[in-house]
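Structure, as structure tokens:
The values are calculated or read from the model by the stated rules, or taken from the named source; none is laboratory data. Note that the coordinates shown come from a computational prediction; the quantities given were computed from them, not determined experimentally. Just so you know, the surface numbers come from the protein's heavy atoms only, side chains and all, with ligands and any DNA or RNA stripped out. Shrake-Rupley method; radii C 1.70, N 1.55, O 1.52, S 1.80 Å.
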Amino acid sequence: MSSSLYLSSYVLYRSALTAFLDTPESERSELSEQDVMRAYTQATAELTKRDENEFIEFAQRVLLLPRKARTAAAERAHHQWKLDRAIVTAGGRLVDNGTFIRDDEFLKRTGMSKAALVEKLASREIFEMPQEVHYLGGDSYIPAFFADHRFDTKALYAVSGSLGACNGVQKFRFFTTAAESLGNRTPLELIELHELEPLPSAVKTFRFSLRKR
């Protein structure tokens, strides 16, 4: 079988089948099913029986992969949403146990000026928790690890900045969630251990996953 014939057959059939699959089940009709069968007949008209069988196997593999990928992406997005909601609803506990501290407490612990903090927030090198997080009551809260001497502040600033426009909940999740690619450790643990090499790739993967949501 020539590759051009093989691919043109696949493209013809794929177009009809994709249109059918994208139609809500409630709107599908016998006519739309007939369109798919007609496309299949046209696509395989010049193929031998052996080539037709190979075509069926090829079409099944290629057509199912995107659906599997979409399903996996949807599952990942739902998992990320649940993690974010857990952070949002745990706001009171995270304030009470010192995970989030008010901006005035942050300034006191670090000795940073208010103007410098405003600059760091604007450059995204430090982030504050959004008001959707429960219990903040309109005050500005910052993750306490930014004021923790165990962590290299330059590394924290670099990672936070590289996360770009991700919101505070997403950034906090990144810093505090273990990843298989990081040896089942969190970015914070790697920063504490001064093992920074894997972090740029982890940031890139994280941001890409958010764009796919």
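For the range 100-208, what % of the accessible area comes from carbon and sulfur atoms, probe 1.4 Å?
The computed percentage sits at 51.
Computed 3J(HN,Hα) for the range 95-102, one whole-Hz value per residue from the Karplus formula 6.51 cos²θ - 1.76 cosθ + 1.60 where θ = phi - 60°, is 6, 5, 8, x, 5, 10, 10, 5, glycine and proline marked x. For Lys49, the accessible area of its heavy atoms, probed at 1.4 Å with every protein chain present, is near 140 square angstrom.
Ranking of Arg93, Arg173 by solvent-accessible surface, largest first: Arg93, Arg173 (1.4 Å probe, protein heavy atoms only, all chains present). In this structure the amide hydrogen of Phe100, modeled in the peptide plane, comes within under 5 Å of the amide hydrogens of Val95, Ala144, none closer than 5 places in sequence on its chain. Counting only protein heavy atoms and using a 1.4 Å probe, the accessible area of Val118 comes to about 80 Å².
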